[in-house]
Structure formats: structure tokens, C-alpha cells
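Beneath this line is the structure, given in C-alpha cells, with notes to follow.
The values are calculated or read from the model by the stated rules, or taken from the named source; none is laboratory data. Remember, predicted model here, so these are calculated numbers, not experimental data. For neighbour counting, all protein chains shown are included, and Cβ atoms are generated from backbone atoms with ideal geometry for every residue, glycine included.
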Amino acid sequence: MPDTTTTTAVDLTEPSVARGGSRRLTGHLTRPAGAGPWPGVVVVHEALGVNDVMHRQTERLARAGYLVVMPDLFSDGGAVRCLVPTFRAALSGHGRAFRDIEAARARLAQDPDCTGRIGIIGFCMGGSFALLAVHDGEFDAASVNYGRLPKEIDGALDGSCPVVASYGARDRTLRGAAPKLEASLDRLGIVHDVKEYPEAGHSFLNDAEIGPRALRPLMRVVGIRPHPESASDAWQRIDAFFATHLKAEGRKG
């Protein structure tokens with residue numbers, strides 16, 4: 001993979017307001033090295049917001065050949081004010097954050113360096129958004145990483161694009177989520193790759209510990225920590241899945 005990527009701040013306010021989303025929405029656009037066009041990917045950050053770990057995830061995707069936008073879902077009010085309503089939206093399938101994600105997707109779709117084939121990937125809270133943003137046909141593939149499942153799962157996922165999902169068996173907050181998700185996707189006939197990693201917990205795809213330093217020992221106890229071996233396998237699956245559904249078909253439309 002080429003090593004050089006370019007990340008710039010982008011203002012997503014106009015497409016967000018047009019869709020009834022945030023009154024102010026910023027984000028980050030990361031371009032691969034070389035000449036496009038490339039498929040696009042929307043990255044939806046975890047509950048702690050945009051941080052160095054999330055930036056490295058976007059850079060990794062860009063090095064793999066994707067034009068990447070990561071919207072900051074906490075732009076309009078900060079993490080403290082936005083976290084609770086954003087979490088509610090993630091669990092309900094409705095709300096401003098989904099319109100912000102749509103704005104990020106539109107930014108990619110309008111970029112001349114995008115093929116028009118666009119995926120979505122989410123981590124933690126972002127995994128819930130990635131799972132629920134896929135039923136309207138706007139995305140071509142989704143990567144769901146330790147995202148909570150909706151209560152009415154079959155109804156929420158009916159008509160979904162292909163889904164690759166990764167969970168940790170030691171994640172106490174999401175016990176049984178992986179088999180439940182796989183069963184629903186089986187019933188609905190949706191192309192999928194769901195895997196639960198026996199030694200991994202929550203946030204195992206992160207390449208470093210996150211959160212306030214004083215809370216990290218507690219987070220380790222409840223299973224919130226990186227697990228490089230599981231992460232390596234999960235990324236191989238994600239890379240292969242996105243290559244099949246985003247790259248193989250060429251330019252869309």
C-alpha cells in the first residue's frame with residue numbers, strides 16, 4: 001500500500017443543514033496517494049469522538065485505496081452536549097446524526113475523485129450507526145465493529161447492503177450480539193461476514209488505549225482494550241469484503 005495520504009478539514013455544514021442535520025458539521029477528508037478515482041468510505045467515530053486512533057483508522061483505509069470522510073458528530077455542541085442524543089439516535093435509527101452521516105456520504109458522492117461506490121465503517125457507537133444506515137440503498141457495503149443491535153433487528157436491516165461485522169466474546173456489553181446479527185442477516189438473505197473473536201473485548205480494533213488515563217485500568221477490567229491479533233484478522237476480512245463490494249464493480253452510475 002502507498003504510505004502517503006493527505007488529510008484536510010472539510011466543512012459539511014451545507015449538506016447537513018439541507019438534510020435537517022446539524023447546524024454546524026465539520027469533518028476530515030483523507031485522500032490516498034496517487035491519482036483517483038477511488039471508492040469512498042464514511043468513517044463513523046466511537047463514543048469518545050474524533051481522536052488520534054480514529055484518524056489512524058481513516059489513514060489506514062486511505063492507504064488501502066479509499067477516499068475517506070470522517071464527520072465529527074459532536075461538532076455542533078461538543079462531546080458533552082452531543083453524546084447522549086447521539087447515542088439515542090444510534091439506538092433508535094433516527095435523529096440528527098444520521099442526517100450528518102448522509103451529508104458525509106453526499107460529500108464523497110459529489111467528489112470527482114470518487115467512483116460513486118461508497119461504504120461505511122463504524123466503531124463502538126459508530127458501529128451502531130453503520131448498522132442502521134445501510135437499509136436505504138445509499139451505501140454499497142458496511143463494516144460494523146462492536147455496534148449495538150436494534151431491538152427490531154429484522155425490520156431495521158431489511159434491504160441492507162452487504163455487511164461485515166466483528167465482535168469480541170469478552171465484550172460484556174454485547175454478549176450474544178454476533179450470533180443474533182448473523183441469524184438476522186441469514187433470515188433476510190443479506191450477504192455478510194460476521195465473526196466473534198474469543199480473546200477480544202470491546203474496542204479491540206483500536207491500536208492504542210483511549211479515554212481518560214485514570215479510567216484505563218477499569219476499562220481493561222471490563223474488556224475495553226486493543227487486541228492486536230484479533231484486529232489483524234478483522235482488518236483482513238474488512239479489506240477483502242470492501243475490495244469485493246466497493247472496488248470490484250468499478251465506477252457506479
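Any chance you could count how many residues in segment 5-29 are in a strand (DSSP E or B), under 22 Å from V134 (Cα atoms) and touching a helix residue (DSSP H, G or I) at 6+ places or on another chain (Cβ under 7 Å)?
Number of matching residues: 2.
Here is a check on your reading of the model: is Y167 more than 26 Å from P71 (Cα to Cα) and among the hydroxyl-bearing types (S, T, Y)?
Spelling it out, it is not the case that Y167 is more than 26 Å from P71 (Cα to Cα) and among the hydroxyl-bearing types (S, T, Y).
I'm trying to understand the selection: among the residues of segment 126-163, which are β-branched (V, I, T) and within 14 Å of V41 (Cα to Cα)?
Those that are β-branched (V, I, T) and within 14 Å of V41 (Cα to Cα): V134, V144, V163.
Let's see how each residue does on (1) in a helix (DSSP H, G or I); (2) of a type outside the set (D, E); (3) modelled with pLDDT of 95 or more; (4) in contact with a Phe, Trp or Tyr (Cβ under 6 Å, 6 or more places away or on another chain):
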{"position": "G40", "(1), (2), (3), (4)": "no, yes, yes, no"}
{"position": "V43", "(1), (2), (3), (4)": "no, yes, yes, no"}
{"position": "A47", "(1), (2), (3), (4)": "no, yes, no, no"}
{"position": "A62", "(1), (2), (3), (4)": "yes, yes, yes, no"}
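Among the listed residues R24, R56, identify the single one that is in contact (Cβ under 8 Å) with a residue 40 or more places away in the chain and closer than 21 Å to P226 by Cβ.
Of R24, R56, the one residue that is in contact (Cβ under 8 Å) with a residue 40 or more places away in the chain and closer than 21 Å to P226 by Cβ is R56.
Given the conditions (1) within 25 Å of E152 (Cβ to Cβ); (2) modelled with pLDDT of 95 or more, and given that L91 satisfies all but one, which numbered condition is not satisfied?
In the conditions (1) within 25 Å of E152 (Cβ to Cβ); (2) modelled with pLDDT of 95 or more, L91 misses (2) alone.
Which of the residues belonging to segment 116-172 are under 19 Å from E102 (Cβ atoms) and among the hydroxyl-bearing types (S, T, Y)?
Within segment 116-172, S128, S143, S160 meet the criteria.
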